[in-house]
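The values are calculated or read from the model by the stated rules, or taken from the named source; none is laboratory data. Just so it is clear, the structure is predicted and the values come from calculations on it, not from any experiment. When we count neighbours, we look across all protein chains shown, and the Cβ atoms used for this are built from the backbone with ideal geometry, even at glycine. Keep in mind that these areas ignore ligands, DNA and RNA; they rest on the heavy atoms of the full protein, side chains included. Shrake-Rupley method; radii C 1.70, N 1.55, O 1.52, S 1.80 Å.
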Amino acid sequence: RGKKAFIAGVADDQGFGWAIAKALAEAGAEISLGVWVPALNIFKTSLERGKFDESRKLSDGSLMTFSHIYPMDAVFDTMADVPEEIATNKRYAGNSNWTVAEVAEQVKKDSGSVDILVHSLANGPEVVKPLLETSRKGYLAALSASSYSLISMVQRFGPIMSEGGSVISLTYDASNRIVPGYGGGMSSAKAALESDTRVLAYEAGRKYKVRVNTISAGPLGSRAAKAIGFIDDMIRYSYENAPIQKELAAIEVGNVAAFLLSPLSSAVTGHVMYVDNGLNVMGMAL
Ligand code: NAD
């Protein structure tokens with residue numbers, strides 16, 4: 001049978017989550033999505049109106065389909081965590097069961113189990129502020145949305161993952177190296193995500209026999225990246241300094257994700273895999 005994949009963090013056809021979905025669909029997987037609640041309506045409407053049809057095309061000419069599309073907010077684990085202002089927020093109205101625990105329950109009901117779990121989401125409300133000016137609230141929000149959300153997902157989906165299953169997330173090298181402009185605690189959030197990848201690889205490896213890896217991606221002009229404000233500079237910097245001088249395509253990350261999510265990488269876990277045209281190995285470019 002085709003493998004069952006759940007991908008959190010797709011809301012258009014521009015980001016890494018979509019490209020990972022595509023690479024997995026090409027490999028014959030069955031894809032379900034967790035879409036951030038405030039972005040769900042526009043995503044579904046765009047999908048229904050054919051706005052993504054060009055990017056849904058697979059190499060055999062068919063269009064990629066999604067078996068289920070779930071509303072999700074990875075900042076909340078159970079309904080008990082949801083504050084009044086979110087519960088009554090217009091952008092959440094009409095949706096239910098969107099906390100991590102409830103999404104996992106729905107997926108279990110609909111699909112029984114999952115083989116592949118993808119975390120392709122991040123949020124840092126103060127990302128444009130230098131760390132030196134970041135508030136406690138902004139810092140913790142970045143860690144909650146971008147790092148703890150992975151732990152929460154592995155906690156709740158681990159029990160429904162098949163043996164030999166595989167989890168990946170997306171990280172960025174600002175965890176290790178100074179990237180001025182990647183602020184608001186997002187650099188800290190990625191450092192936590194990479195460390196948690198190792199500890200979760202051990203704990204979930206022992207408990208559920210699943211692997212946990214993360215891809216450290218080069219710059220891509222996704223919606224989230226445009227919100228940071230200096231993505232064009234990052235892309236130019238990478239082009240000028242990386243060993244391979246080309247712009248990174250989202251599908252290049254999608255293809256490595258498909259490898260890490262397949263039995264081809266059955267002995268790889270706890271790993272940070274760079275998919276960045278090699279930029280991370282440079283000291284000085286001439
Ligand atoms: P993207 O905008 O396509 O994806 C981010 C997604 O996160 C969006 O769909 C958004 O709706 C979702 N999201 C935000 N808060 C959420 C929440 N609370 N619950 C559920 N979903 C939520 O952008 P992207 O750049 O493809 O980002 C995917 C991942 O790749 C992120 O972890 C990002 O940090 C990482 N990454 C991006 C770059 C880059 O240059 N774009 C580089 C390295 C790593």
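Taking the charge dipole of region 154-286 about its Cα centre, with +1 at Lys and Arg Cβ atoms and -1 at Asp and Glu Cβ atoms, the residue from 281, 230, 158 reaching farthest to the positive side is 158. Measuring against 20 Å, Cα to Cα, the residue pairs 129/246; 51/246; 44/90; 90/226; 108/207 contain 129/246; 51/246; 90/226 as the ones spanning a longer distance. Partner aspartates and glutamates whose Cα lies under 14 Å from the Cα of residue 209, excluding those fewer than 8 positions away in the same chain, are identified as 115, 163. By accessible area, using a 1.4 Å probe on protein heavy atoms only, region 180-237 has 54% of its surface on carbon and sulfur. Secondary-structure-derived ellipticity at 222 nm for the chain, considering helices only, amounts to -11500 deg cm²/dmol, per-run term -39500 (n - 2.57) for DSSP H runs with n ≥ 4. Using the Cβ-Cβ distance between residue 176 and residue 105 with R0 set to 30 Å, the FRET efficiency works out to roughly 0.25. Annotation: extensible slack from residue 285 through residue 136 equals 50.0 nm (criterion: 0.36 nm per residue apart, minus Cα-Cα distance). Applied to region 241-257, the Karplus parametrisation 6.51 cos²θ - 1.76 cosθ + 1.60 on θ = phi - 60° returns per-residue 3J(HN,Hα) values of 10, 6, x, 9, 8, 8, 6, 6, 9, 4, 5, 5, 6, x, 5, 5, 4 Hz, with x for Gly and Pro. Taking 0.36 nm per residue of separation and subtracting the Cα-Cα distance, full extension of the segment from residue 223 to residue 55 would add 58.9 nm. Using the Cα gyration tensor of region 128-286, with a ≥ b ≥ c the square roots of its eigenvalues, what is the shape: rounded (a/c below 1.5), prolate (a/b larger than b/c) or oblate (neither)? Here region 128-286 falls in the oblate category.
Averaged per residue, region 4-277 has 47 square angstrom of accessible surface, using a 1.4 angstrom probe with ligands and nucleic acids left out.
Kirkwood radius, region 1-68, all distinct C-alpha pairs, inverse of mean reciprocal distance: 12.1 Å. Answer rounded, prolate or oblate for region 165-226, using the Cα gyration tensor with square roots of eigenvalues a ≥ b ≥ c: rounded when a/c is under 1.5, else prolate when a/b is larger than b/c, else oblate. The shape class here is prolate.
The H on the amide N of residue 273, modeled in the peptide plane, is under 5 Å from the matching H of 214, 215, 216, each at least 5 residues off or on a different chain. Between the alpha-carbon centres of region 70-125 and region 202-268 there is a gap of 24 Å.
Rg to Rh for the chain: what is it, with Cα atoms only and Rh by Kirkwood? We get a ratio of 0.94 for the chain.
Order 136-144, 3-11 from most to least packed using the mean count of other Cβ atoms within 10 Å. Kindly include the intermediate steps, with their values, before the conclusion.
Numbers: 136-144: 17.1, 3-11: 24.6.
Top to bottom by mean Cβ count within 10 Å: 3-11, 136-144.
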